[in-house]
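**Student:** One structure follows; several queries about it will come next.
The values are calculated or read from the model by the stated rules, or taken from the named source; none is laboratory data. In this text the structure is predicted, and so the values were computed from the model without any measurement. Heads up, the Cβs are rebuilt from the backbone with ideal geometry, glycines too, and the neighbour counts pull from every protein chain shown. What goes into the accessible areas is simple: the full protein's heavy atoms, side chains included, and nothing from ligands, DNA or RNA. Shrake-Rupley method; radii C 1.70, N 1.55, O 1.52, S 1.80 Å.
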Amino acid sequence: MTEIDHRQTRRDYSRGSLRRADLAADPFAQLGRWLADAENQPDATAMALATVNDHGQPSQRMVLLKHLDTRGLCWYSDTRSQKGRELAHNPRGCLLFYWAPLERQIRVEGIVERLPVAEAEDYFHSRPLGSRLAAAASHQSAPITGRDELEARLKAVQERHPDGDVPRPESWIGFRLVPEAFEFWQGRDNRLHDRFRYHRDEAGWGLTRLMP
């Protein structure tokens, strides 16, 4: 293997700053502000979801935020996937947004719950036909022999539903992360980054500034 060495790769972060006075009292409002600021960035709603298996091994993958409100942040996936199985065993998760051009990231930690089936039905049938066919054809995270097998499964679904009326697979559902903590990070010069953590307590949301 060719050696790769990035020890001398450096850059400063100088796009902005973050002060306590800049932050909303409600972390959901602050999240909304930053999502609005990022809306023109590529994949602005992409978030890394971290889960843990029954051996304590963490794993991550990208999912897309589909909607949010004061109850939490929502996405859709297959319960048979690795993330689905891990969340069934341990319903705690962590989401990470990162917008490199804005030099910002947000971490959101909390409990993950399933959305009502009716919400999954509504969203599934709003998706483009190709996405519905793919969801019906794929057993997410299961091993396959090759691309040909996947395309054969897709063709079989198309033949079963030539009218395009593809039913939602029972395993395809919605998830909601109910936040217990938010952390907002703004890059700064010389690695003296601005970090603030919202934490939920009996009185509501508290706010603490953290060392970079």
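**Student:** Which is assigned to a loop (DSSP other than H, G, I, E, B) and either on the phi < 0 side of the Ramachandran plot or of a type outside the set (Gly, Ala, Ser) (or both), of Pro169, Pro179?
**Tutor:** Sole residue among the options that is assigned to a loop (DSSP other than H, G, I, E, B) and either on the phi < 0 side of the Ramachandran plot or of a type outside the set (Gly, Ala, Ser) (or both): Pro169.
**Student:** Taking the criterion of being part of a helix (DSSP H, G or I) and open to solvent by less than 50 Å² (accessible area, probe 1.4 Å), would at least one residue in segment 103-113 satisfy it?
**Tutor:** No, there is no match, as no residue in segment 103-113 is part of a helix (DSSP H, G or I) and open to solvent by less than 50 Å² (accessible area, probe 1.4 Å).
**Student:** Within segment 188-212, track down each residue that is in a strand (DSSP E or B), modelled with pLDDT of 95 or more and more than 17 Å from Leu102 (Cα to Cα).
**Tutor:** Arg197, Tyr198, His199, Trp205, Gly206, Leu207, Thr208, Arg209, Leu210
**Student:** Another question about this same structure. Quick one: Phe97 ticks every box in (1) of a type outside the set (A, V, I, L, M); (2) closer than 23 Å to Asn40 by Cα; (3) open to solvent by 50 Å² or more (accessible area, probe 1.4 Å) except a single one, so which number is it?
**Tutor:** (3)
**Student:** Can you confirm whether Met47 is open to solvent by 90 Å² or more (accessible area, probe 1.4 Å), in contact (Cβ under 8 Å) with a residue 12 or more places away in the chain and either in contact with a Ser or Thr (Cβ under 6 Å, 6 or more places away or on another chain) or under 25 Å from Ser131 (Cα atoms) (or both)?
**Tutor:** No.
**Student:** Show the residue pairs meeting these rules: Cβ distance below 7 Å; 6+ apart or different chains; first residue within segment 142-161 and free of Cβ contacts under 8 Å to residues at least 60 places away in the same chain and more than 14 Å from Gly130 (Cα to Cα); second residue of a type in the set (D, E, K, R) and open to solvent by less than 60 Å² (accessible area, probe 1.4 Å).
**Tutor:** Listed by first residue and then by second, the contacts come to nothing, as the list is empty.
**Student:** Within segment 4-44, work out how many residues are free of Cβ contacts under 8 Å to residues at least 60 places away in the same chain, part of a loop (DSSP other than H, G, I, E, B), out of contact with any helix residue (DSSP H, G or I) (no Cβ under 6 Å at 6 or more places or on another chain) and surrounded by 14 or more Cβ atoms within 10 Å (Cβ to Cβ).
**Tutor:** So the answer is 1.
**Student:** Out of Ser126, Ser141, Ser131, Ser77, report the one residue that is among the polar types (S, T, N, Q) and surrounded by 15 or more Cβ atoms within 10 Å (Cβ to Cβ).
**Tutor:** Of Ser126, Ser141, Ser131, Ser77, the one residue that is among the polar types (S, T, N, Q) and surrounded by 15 or more Cβ atoms within 10 Å (Cβ to Cβ) is Ser77.
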